[in-house]
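What follows draws every value from the coordinates through simple rules; no lab data is involved. These figures come from a predicted structure and were not determined experimentally. Please note: Cβ atoms are built from the backbone with ideal geometry, for glycine as well, and neighbour counts cover all protein chains shown.
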Amino acid sequence: MPQQYIVVEREEPIAIVTIDRQDKLNALNWAIVSELADHLEQLDRDDAINCIVLTGAGNKAFAAGADIGEMADKGAIEMATGGFESWDRIRRVRTPIVAAVGGYAFGGGSELAMHADMIVASEKAQFSQPEILLGIMCGAGGTQRLTRTIGKYRAMELCLTGKRVSAQEAHDWGLVNRIAPEGQHLDEAKKLAREVAKQAPLAARFTKEAILKAFEMPLEEGLQYEKRLFALLFASQDQKEGMRAFLAKEPAKFQGR
């Protein structure tokens, strides 16, 4: 059996998924990303899990990039047909994901954090896209997600220089949602995840879907897409329960149906 580097803990209605490869600062390779996609897809099918926290073991790194040793001798065809389908599988997870970033989120680690829907970072966290320093460039969405999040000029600077940015700077630019004291990023991420997990699960998934579509569609098309999802929720039991509870001035008991 190959060594497994992904640890899953359940604290229903949330789950914590940890990349545990501390001797390599949680560096990513194709097998780890594939294993991660497997676990995220399993949780995505689990009705008891309404939000997922994604983190790296220890406080030194969320994930300090890709495993360069694995890639160094690869050819263009091998890289183009490699493990990118695993990144696509992660992108298609419908359950909201909160990244808890402690320490380094470099290269593929930064790109993985940006696959999440929200990012909570330790005050000591650092973000970087240093691929240019190795004679390559981002390959798992860094140029696209950074540009959509922090704008063309900042994305250009980060991707063309490989510079590191602090958690505070990333927060100021809109890349990070919350900053936590050193060592408390996971607790803060779990707190945010529980806020999300107590909402109606179908409404949360539809909301995530609609927001992500905003990056792909013109405004008019996106508005129509939102209206369709909005109307569909009126076929759910949770919509009836949410409005009943509001009128009765009592907490709603959502069932994900």
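At-a-glance table
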read-out	value
Over 21 Å (Cα to Cα) - which of 124/163; 152/190; 163/191 fall in this group	152/190; 163/191
Formal net charge of residues neighbouring residue 46 (Cβ-Cβ distance under 11 Å; K, R +1; D, E -1)	-2
Computed FRET value (nearest 0.05) for residue 217 with residue 144, which takes r as the C-beta separation and R₀ as 22 Å	0.90
Extent along principal axes [Cα atoms of the chain; Å; largest to smallest]	62, 42, 36
For the range 86-100 versus the range 166-242, the gap between their alpha-carbon centres in whole angstrom	12
Hits among lysines - C-alpha to C-alpha of residue 227 under 17 Å, sequence gap 8 or more where chains match	208, 213
Gain on full stretching of the segment that runs from residue 44 to residue 235 - 0.36 nm per residue minus C-alpha separation	66.6 nm
Inter-label distance, nm, simple model (7 Å from Cα along the C-beta direction), residue 22/residue 257	4.3
Phi-based couplings in Hz for the range 87-95 (Karplus 6.51, -1.76, 1.60; Gly and Pro marked x)	5, 5, 5, 5, 4, 8, 4, 8, 5
Label-point separation, residue 243 to residue 225 (7 Å along Cα→Cβ), nm	2.6
Net charge over other residues, Cβ less than 12 angstrom from the Cβ of residue 102 (K, R count +1; D, E count -1)	-2
Relative contact order (percent, whole number), the chain, Cα cutoff 8 Å, 6+ residue spacing	17
